[in-house]
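Asker: Below: one structure in structure tokens.
None of the figures in this text is laboratory data; all of them are computed from the coordinates on show. Please read all numbers here as calculations on a predicted model, not as lab measurements. Neighbour counts run over all protein chains shown; Cβ positions are idealised from the backbone, glycine included.
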Amino acid sequence: MPANVIQANYETLDEIARLFNQNAAMIEQTLWRIRDMVEALASDGWWGEGADAFYAEMEDEVLPQVHRLKAALEDSADVTFRVSELLQKAEEEAANGFQGHEAIITPQGLTEADYGGGGSGEYTVSYNYDPTKRPGGIF
């Protein structure tokens, strides 16, 4: 069974997060323009049943939904940045465990007749290590 591989392109993740923030800012600007236009309609004297229904729908449904969209985009940017940071940190920590070490894995009990498959199925690990970096002996 193949090992699970997690890969991330940090520049792409950062660009995606930036785009989420950019779109959230554009939504916020649009939200302010819509509010200004609705206020202009109200102050210019648009009234009646249709106007009341419009104002109520804008205040109770449309504007809150647009605000939630903006908040979701901002949250998406934050999560994307955090995922990128966590993956970078995990990669650095994993890489630090191998610095200064070289592992050589060979099949145990392998003879020339076994090349190409077979063998005992067991492996030995020869670990070339720097005792100043990894105390303790063979891995």
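Asker: Once the other residues with Cβ under 12 Å from the Cβ of Val38 are scored (Lys, Arg +1; Asp, Glu -1), what is the net sum?
Answerer: The answer is -3.
Asker: Could you run the Karplus curve 6.51 cos²θ - 1.76 cosθ + 1.60 with θ = phi - 60° over segment 31-40 and give me ³J(HN,Hα) per residue in whole Hz, x for Gly and Pro?
Answerer: Calculated HN-Hα couplings, in order: 4, 5, 5, 5, 4, 4, 5, 5, 5, 5 Hz.
Asker: A further question on this structure: Dipole magnitude of segment 10-96 about its Cα centre, charges +1 at Lys/Arg Cβ and -1 at Asp/Glu Cβ only, in debye to the nearest 20? Can you show the working numbers first?
Answerer: Values: 7 positive and 20 negative charges, 26 e Å.
The calculated dipole for segment 10-96 is roughly 120 debye.
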